[in-house]
Amino acid sequence: MVTSVLAPCVALDPTSADFADAVDQATGGRGIQVVFDFAGVPAARAQATAALGPEGVLVLAGLTPEPSTIGDSMGFCVQGNQIRGHYGSGPEHVEELIGLASAGRIDLAPSITAHVPLADAADAVARLEKKIGDPIRLVLTP
């Protein structure tokens, strides 16, 4: 028989000076089992790695050319931690997102920075590449 215990969902401020203590309190000292990095910021990855509990997994989804480093590789190995990469931008993922949004199961509106005319697609790509205006998602419209 397999049993599972779902922990309550908590929101923590990663910029807080007592972040590590807050993680310990929220997890009963066990650390985090799975951390998803969607930002791709080296400091956030280092903090996420430090918050992992035994056999914890860091999933890298935020793309960045910056290197990822493990500050305490001995502790990382002793705990049996893992780092996994994920690139969730395949055609099947787009179809899944469209299906979820169409069914009303997710609302993508808060992540849309702007609607851009199709004729300005090259400019939209440049905005994303150069992070002009800190875009999250640009939607091309006919």
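Against the 2.2 N^0.38 Å scaling, with N counting residues, where does segment 26-85 land? I'd like the Cα-based Rg ratio to two decimal places.
Details: Rg = 10.9 Å, N = 60, 2.2 N^0.38 = 10.4 Å.
Compactness ratio reported: 1.04.
If we count chymotrypsin sites (Phe, Trp or Tyr not before Pro) as exposed when they sit in a DSSP loop and have at most 15 other beta carbons within 10 Å, what is the longest stretch of the chain that avoids them all? Let's see the in-between values first.
Numbers: sites that count: Phe38, Tyr87.
It works out to 88-142.
List the extent of the Cα atoms of the chain along each of their three principal axes, largest first, rounded to whole Å.
Principal-axis extents of the Cα atoms in the chain, largest first: 53, 38, 27 Å.
So what's the net charge close to Ala39: Lys and Arg +1, Asp and Glu -1, counting the other residues with Cβ under 13 Å from its Cβ?
-1
What do you get for trypsin sites (Lys or Arg not before Pro) in segment 67-142 restricted to DSSP loop and a cutoff of at most 12 other Cβ within 10 Å of the site's Cβ?
Listed in order of number, the matching sites are Arg105, Lys131, Arg137.
Roughly how far apart, in whole Å, are the Cα centres of segment 19-53 and segment 60-122?
Using only Cα atoms to place each centre, the spacing works out to 18 Å.
Rounded if a/c is under 1.5, else prolate if a/b beats b/c, else oblate: with a ≥ b ≥ c from the C-alpha gyration tensor eigenvalues square-rooted, which is segment 68-117?
Prolate is the answer for segment 68-117, as a/c is 1.5 or above and a/b outweighs b/c.
In the neighborhood of Ala26, defined by Cβ-to-Cβ distances under 13 Å, what is the net charge if each Lys or Arg adds +1 and each Asp or Glu adds -1?
Spelling it out: positives minus negatives among the neighbours equals -3.
For segment 91-141, what class follows from the C-alpha gyration tensor (a ≥ b ≥ c being the square roots of its eigenvalues): rounded when a/c is under 1.5, otherwise prolate if a/b is larger than b/c, else oblate?
It is prolate, given that a/c is not under 1.5 and a/b is the larger ratio.
Each value in this text was obtained by applying a stated rule to the coordinates, not by laboratory testing. Everything quoted here is computed from the prediction, not taken from an experiment. Positions of Cβ are backbone-derived with ideal geometry, glycine not excepted, and every protein chain shown enters the neighbour counts.
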